[in-house]
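S.K.: Pasting in a structure now, in structure tokens, and then I'll have a few things to ask.
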Amino acid sequence: MNRAEIYGGINLDLNDGPIRTKHFRDHDGKPCAQLIIGEAGQSVAISVTRTSPDVLDELAEAVAELKAWTLRQQQPQPLKAVV
């Protein structure tokens, strides 16, 4: 499999999370891993069971980029001089 599979459109406002990981075995005993965003009943689980380490590196880079953006947004913006 070479592409992400999205089952319907998803919009998620992360707010304050929570974010967690889950490791388990499926009904056939195969190991599985997920990244879970949200609380029980209102969560999104992203399976990373068949994901390559390179793709997880891309995810980490994207998260770092988003973190840098949010930090820039929190910095006070200088007021423009009125002439």
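The values are calculated or read from the model by the stated rules, or taken from the named source; none is laboratory data. All values reported here derive from a predicted model rather than from experimental measurement. Neighbour counts are summed over all protein chains in view; Cβ atoms, including those assigned to glycine, are modelled from backbone coordinates with ideal geometry. All accessible areas refer to the heavy atoms of the entire protein, side chains included, with ligands and DNA or RNA removed. Shrake-Rupley method; radii C 1.70, N 1.55, O 1.52, S 1.80 Å.
S.K.: Just give me the residues in the range 27-53 being touching a strand residue (DSSP E or B) at 6+ places or on another chain (Cβ under 8 Å) and of a type in the set (A, V, I, L, M), in sequence order.
M.R.: Of everything in the range 27-53, those that are touching a strand residue (DSSP E or B) at 6+ places or on another chain (Cβ under 8 Å) and of a type in the set (A, V, I, L, M) turn out to be Ala33, Leu35, Ile36, Ile37, Val44, Ala45, Ile46, Val48.
S.K.: Tally the residues that are assigned to a loop (DSSP other than H, G, I, E, B) and under 10 Å from Ser43 (Cα atoms), restricting the search to the range 11-25.
M.R.: Qualifying residue count, the range 11-25: 3.
One line per residue, one yes/no per condition, for (1) within 21 Å of Pro18 (Cα to Cα); (2) out of contact with any His (no Cβ under 9 Å at 6 or more places or on another chain); (3) free of Cβ contacts under 8 Å to residues at least 24 places away in the same chain; (4) not in a helix (DSSP H, G or I):
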| residue | (1), (2), (3), (4) |
| --- | --- |
| Ala45 | yes, yes, yes, yes |
| Thr49 | yes, yes, yes, yes |
| Glu65 | yes, yes, yes, no |
| Arg72 | no, yes, yes, no |
| Val82 | no, yes, yes, yes |
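S.K.: Let me ask something else about it. At pLDDT below 90 and of a type in the set (D, E, K, R): does that describe Glu65?
M.R.: no
S.K.: Please verify whether Ala64 is loosely packed, with under 10 Cβ neighbours inside 10 Å, of a type in the set (Gly, Ala, Ser) and out of contact with any strand residue (DSSP E or B) (no Cβ under 6 Å at 6 or more places or on another chain), treating the condition exactly as stated.
M.R.: no
Each row is one residue, and each column tells you yes or no for (1) of a type outside the set (Val, Ile, Thr); (2) open to solvent by 70 Å² or more (accessible area, probe 1.4 Å).
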position	(1), (2)
Ala4	yes, yes
Leu12	yes, yes
Asp16	yes, yes
Leu35	yes, no
Gln42	yes, yes
Ala45	yes, no
Thr49	no, no
